[in-house]
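Working notes for the structure below.
The values are calculated or read from the model by the stated rules, or taken from the named source; none is laboratory data. Nothing here was measured: the structure is a model prediction, and the numbers come from that model. Cβ placement follows ideal geometry from the backbone for every residue including glycine, while neighbour counts extend to all protein chains displayed.
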Amino acid sequence: MSSDILVAILAYNEEKNIANVLKSLSKNFYNILVVDNNSEDRTVKKIKNFQVKLIKHKYNLGKSESMKTALEFAKIKKFKYIAFMDADGQHKAKDLINLCNKIFKSNSELVIGYRKNLDRLNLKKRIGTKILQKLFYLLYKKKIFDIQSGLRVFKLSVSKKIYWNSTGLAHYFADAEITCNAIKNHCKVEQVPITTLPSENYKGMNLIQGLYLILMILYWRIIK
Amino acid sequence: MIIKTILSIFSIIFSLIMIYITQINYKKKYLNKLSYLLWISVWAFIIFVSLRPNFIDDYFINTYKVNVFYILSIISIITLAILYYISNIRINILEKKINKLIRAESLKDILNKIKDE
């Protein structure tokens, strides 16, 4: 894969999955960066077994700030593209390759991976995802299947347009904010279907966080 | 009458706890002497008003012909809103500074490491 792309993995207490994630990625990508959010387990020790760059935050700043650190690193090192992937093993390297190929060939500015196997989610998550899809379409007039997918690639040249501010309690909404900013600022956005492992094994949002995200989507559209 | 007494007891207990907390924060040097004295006066005043609610009522009704409860409610709401706003802004500024500092330090570490390689 092109050396213009930096793959950023955001990790926090992922000692069980990080080795497999890095193993699958290092076969295909030259530049891999792991941003560790001050993990308390052996995540860092496992990362050090691989030829990847590691940034360790001294305190847990949340996902949003880790993404900012990775973006800053990519800017300093003058990469053209940055890809984000979760460290929990939910995403597959071959899907990331598809996303990268899409951004190279289609000349799009942001490529988002969306779960094609929504029927594998439980009812609560399926309803939540559908509500977000409908609300997003209503507000932004564009059909985005998974607005807060953690697997995405974008050009560094659009980083100013899509820059995110979600922090504190809302630090998990950075992906959704990027999507909203990209559509609002007329960036060229493409979507690629991806397969994810059954989501029951992974942390999701609860009802309160879901409602909070809906409020934030309204805020990003109307006020910001 | 019973409700008034219960409310007074509640506010006295609450104020005493707050005086204790203020004392601890002052000892830990989270508050300077001026803030410490100011907060102690506020809680002491609340205790006084709780013990003798008629004192203020009589003064305001006789002097200005208004019910003190109405005035106090408005002042309390405005004060709460101002205090909430100030602390919210201060927390946001502090959070941004801390995030920036930690991120800058982490980036510095890796850039130095790459330079050494």
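For the condition without any contact (Cβ under 8 Å) to a residue 40 or more places away in the chain, away from every other protein chain (no Cβ under 14 Å), more than 16 Å from the chain's Cα centre (by Cα) and not in a helix (DSSP H, G or I), what is the one hit in A:Lys134, A:Lys130, A:Lys143?
Details: A:Lys134 fails: not in a helix (DSSP H, G or I); A:Lys130 fails: not in a helix (DSSP H, G or I).
Result of the check over A:Lys134, A:Lys130, A:Lys143: A:Lys143.
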* Structure fact -> Note: among B:Tyr70, B:Tyr59, B:Tyr26, just one is surrounded by 14 or more Cβ atoms within 10 Å (Cβ to Cβ) and in a helix (DSSP H, G or I), namely B:Tyr26
* State yes or no: is B:Ala81 closer than 30 Å to A:Asn165 by Cα, at pLDDT 85 or above and either in a helix (DSSP H, G or I) or not hydroxyl-bearing (Ser, Thr, Tyr) (or both)? => yes
* Structure fact -> Scanning segment B:29-56 residue by residue, those within 15 Å of the chain's Cα centre (by Cα) and outside any helix (DSSP H, G or I) turn out to be B:Tyr30, B:Leu31, B:Asn32
* To do: Mind listing whichever residues of segment A:185-212 are at pLDDT 75 or above and farther than 19 Å from A:Lys63 by Cβ?
  => A:Asn185, A:His186, A:Cys187, A:Lys188, A:Val189, A:Glu190, A:Gln191, A:Val192, A:Pro193, A:Thr195, A:Leu207, A:Leu211
* Determine which single condition B:Lys97 fails, assuming it passes every other condition in (1) surrounded by 13 or more Cβ atoms within 10 Å (Cβ to Cβ); (2) within 30 Å of B:Tyr26 (Cα to Cα); (3) of a type in the set (D, E, K, R). => (1)
* Asked: Looking at segment B:89-117, which of its residues are assigned to a helix (DSSP H, G or I), within 21 Å of A:Lys53 (Cβ to Cβ) and of a type in the set (Asp, Glu)?
  -> B:Glu105, B:Asp109, B:Asp116
* Structure fact -> B:Trp39 passes all but one of the listed conditions (1) surrounded by 10 or more Cβ atoms within 10 Å (Cβ to Cβ); (2) more than 14 Å from chain A (Cβ to nearest Cβ); (3) modelled with pLDDT under 90; the exception is number (3)
* Does B:Ile19 satisfy the condition of being surrounded by 14 or more Cβ atoms within 10 Å (Cβ to Cβ) and within 14 Å of the chain's Cα centre (by Cα)? -> yes
* Structure fact -> By residue number, the members of segment A:164-189 that are surrounded by fewer than 21 Cβ atoms within 10 Å (Cβ to Cβ), within 14 Å of chain B (Cβ to nearest Cβ) and in a loop (DSSP other than H, G, I, E, B) are A:Asn165, A:Thr167
* Report whether or not A:Ile103 is part of a helix (DSSP H, G or I) and either touching a strand residue (DSSP E or B) at 6+ places or on another chain (Cβ under 7 Å) or modelled with pLDDT under 95 (or both). => yes
